Each structure stands twice: as structure tokens, then as C-alpha cells.
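Peer 1: Dropping the structure in here first, questions after.
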Amino acid sequence: MMRSFENRPDTAVIDEPFYAAYLAATGIDHPLREESLAAQPTDWHDVVNIILGPVPEGRPVFYQKHMTHHMRPEFGREWIAQCRNAFLIRAPEDVLASYTEKRSNVTLDDIGFVQQSEIFDREADRLGGAPPVIDAADVLAEPRGTLFALCRALDIPFTERMLHWPPGRRLTDGAWAPAWYDAVERSTGFAPPRPSVPFENLRDDLKPMALAARPHYERLLRYRLRPAA
């Protein structure tokens, strides 16, 4: 999604701006931890000043890729009301299978479903209705229709440039990119959809997390935008 939006001529992007603050606050060990801590502010107040400050290069659209587990409860969340917020969801079995390819140890807190549900509720209460939700399976199966529906919900024009982009690393990629973004760097568009990971194929220690995350996923799934025809 970040590649898709960055390929728009009117859009600037920022990659997981709370990552270093999250690492500093939790002490958690992630790949390229020290490089990530050195690359970003570790005080969440400074992060908020950046994401609410001037948009890079004066672009009219500022796409901010956030991971909900980075936006910890002790970090202020009032700034969220000053942004247009959309929620990308993915089946918990797929998230867990993907996450453990890079980092074997994982907890429910690491995959962000509970935090995403909390932030969704906060935003829905503020708006008086559900904010835009898109499902990763729809993005892969029908990228044009799903992105068109998302852009319409966000009141920004859709462009075909969101569907394809040149391969390679970007200056806007986080310092952690070498550990996590190998497939992203090879991509030139959205990959064809793959079958979802069956629950029974998960490691036994991951199954309780998938069960705990699924109600949060299914609740947001009820509000997902349908791909436009």
C-alpha cells in the first residue's frame, strides 16, 4: 500500500513513524533495532510534530503507514482526529504466518489486532460511523476496485499509477527495510492472491493468538469497503 500511494504524483509517504518510539518504550528486540532507534525520534511527542507538521515537498496528500501496535496507549492518540484514517485488515492466520517468517517469537500484542480494534472504535465514535476499512484479500484480488473505493471514501482522486510502480528500495523506507521488505523491494504491483493460511497449519503456539485475534478481525471485516465495479 505504501508503494501504491508513493507512486501517486500528489502524495508524500512516511513509513511507520512510531517504530523507534515503540522500540524504546518496550525494549523489545527486533531486527535492526539499533539502526531503527538511530533513524527516528524516540519521543512520541516529536513523532506527532512530524506527522502533523508540513507535508514533505508541499504535497497535497500525506500517506502515513502506521502499525497499530506501535501506537501504544501511553502515547497520546488525540492527534488521530486531525487525520483521515483508513484501516487495512488481514486474516490473523496470514499475519501470524508472515510475521514468524522474520521473527519467531510473537505475542498477541505484537500483531496489533486488539490495538487496531481500539483505535477503530475511537475513530468510529468520533465520526459517528465506521471509518474506511479495506481487507488485504480484496486488495490482492481486485486492486483497482478496492483502491478506487478507498480513494472515494477518503475524498481523493484515484489514479492508475497506484496499481504499478518500479522495483527497488526507496529513500522513504524505514531503516528496518533490509530485514522486512525483501518482497516489497522486488514488487512492481500487487501480487496475485494466495490461499489463506489454514488455521490447522499454524504452529500450536500460534493457534491461541489466532483465536484471540479473529473476533477483532471479523468485526472490522463487517465494515469493509466492497471493491468498486
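The values are calculated or read from the model by the stated rules, or taken from the named source; none is laboratory data. Predicted model only: the values in this text are computed from it and were never measured. Here Cβ is always computed from backbone atoms with ideal geometry, including for glycine, and neighbour counts include all displayed protein chains.
Peer 1: Are any residues in the range 72-98 surrounded by 19 or more Cβ atoms within 10 Å (Cβ to Cβ) and either β-branched (Val, Ile, Thr) or at pLDDT below 95 (or both), and if so, which ones?
Peer 2: If the condition is that a residue be surrounded by 19 or more Cβ atoms within 10 Å (Cβ to Cβ) and either β-branched (Val, Ile, Thr) or at pLDDT below 95 (or both), then Ile89, Val95 are the ones that fit.
Peer 1: Looking at the structure I just gave you, is Glu123 at pLDDT below 95 and not hydrophobic (A, V, I, L, M, F, W, C)?
Peer 2: The answer is no for Glu123.
Peer 1: Can you pull out every residue in the range 53-84 that is over 13 Å from Ala20 (Cβ atoms), touching a residue at least 12 places away in the same chain (Cβ under 8 Å) and part of a helix (DSSP H, G or I)?
Peer 2: Listed by number, the residues that qualify are Pro56, Glu57, Thr68, His69, Trp79, Ile80, Ala81, Gln82.
Peer 1: Suppose the filter is crowded, with 19+ Cβ neighbours inside 10 Å, charged (D, E, K, R), in a loop (DSSP other than H, G, I, E, B) and within 19 Å of the chain's Cα centre (by Cα); does Asp138 pass it?
Peer 2: Against the criterion (crowded, with 19+ Cβ neighbours inside 10 Å, charged (D, E, K, R), in a loop (DSSP other than H, G, I, E, B) and within 19 Å of the chain's Cα centre (by Cα)), Asp138 does not qualify.
Peer 1: Another question, if that's okay. If you scan the range 29-52, which residues turn out to be modelled with pLDDT of 95 or more, assigned to a loop (DSSP other than H, G, I, E, B) and over 21 Å from Ala86 (Cβ atoms)? Before you say what the answer is, go through the steps one by one.
Peer 2: Going through the range 29-52, the residues modelled with pLDDT of 95 or more turn out to be 32-52.
With the extra rule that they be assigned to a loop (DSSP other than H, G, I, E, B), the set shrinks to 32, 40-43, 52.
Scanning the range 29-52 gives Leu32, Gln40, Pro41, Thr42, Asp43.
Peer 1: Related question: Among the residues of the range 197-229, write down those that are surrounded by 14 or more Cβ atoms within 10 Å (Cβ to Cβ), touching a residue at least 24 places away in the same chain (Cβ under 8 Å) and closer than 13 Å to Ala97 by Cα.
Peer 2: Matches in the range 197-229: Val197, Phe199, Leu202, Leu206, Met209, Ala210.
Peer 1: Something else: Might you let me know whether the range 91-98 holds any residue that is of a type in the set (D, E, K, R), outside any helix (DSSP H, G or I) and out of contact with any strand residue (DSSP E or B) (no Cβ under 6 Å at 6 or more places or on another chain)?
Peer 2: No, because not a single residue in the range 91-98 is of a type in the set (D, E, K, R), outside any helix (DSSP H, G or I) and out of contact with any strand residue (DSSP E or B) (no Cβ under 6 Å at 6 or more places or on another chain).
Peer 1: Can you tell me which residue is farthest from Thr172 (Cα to Cα) among those in the range 1-27 that are free of Cβ contacts under 8 Å to residues at least 40 places away in the same chain and hydrophobic (A, V, I, L, M, F, W, C)?
Peer 2: Step by step, filter the range 1-27, then rank; the result is Ala24.
Peer 1: Also: How about the range 159-200: which of its residues are aromatic (Phe, Trp, Tyr), more than 17 Å from the chain's Cα centre (by Cα) and closer than 25 Å to Pro17 by Cβ?
Peer 2: First, the residues of the range 159-200 that are aromatic (Phe, Trp, Tyr): 165, 176, 180-181, 190, 199.
Among the residues that remain, those that are also more than 17 Å from the chain's Cα centre (by Cα) are: 165, 199.
Selection gives Trp165 alone.
Peer 1: Take the residues in the range 101-128 that are within 13 Å of Leu206 (Cα to Cα) and within 17 Å of the chain's Cα centre (by Cα), then tell me which one is surrounded by the most Cβ atoms within 10 Å (Cβ to Cβ).
Peer 2: Out of the qualifying residues, it is Ile111.
Peer 1: Could I ask something else about it? Given Arg152, Arg169, which one is in a helix (DSSP H, G or I), surrounded by fewer than 16 Cβ atoms within 10 Å (Cβ to Cβ) and not aromatic (Phe, Trp, Tyr)?
Peer 2: Among Arg152, Arg169, only Arg152 is in a helix (DSSP H, G or I), surrounded by fewer than 16 Cβ atoms within 10 Å (Cβ to Cβ) and not aromatic (Phe, Trp, Tyr).
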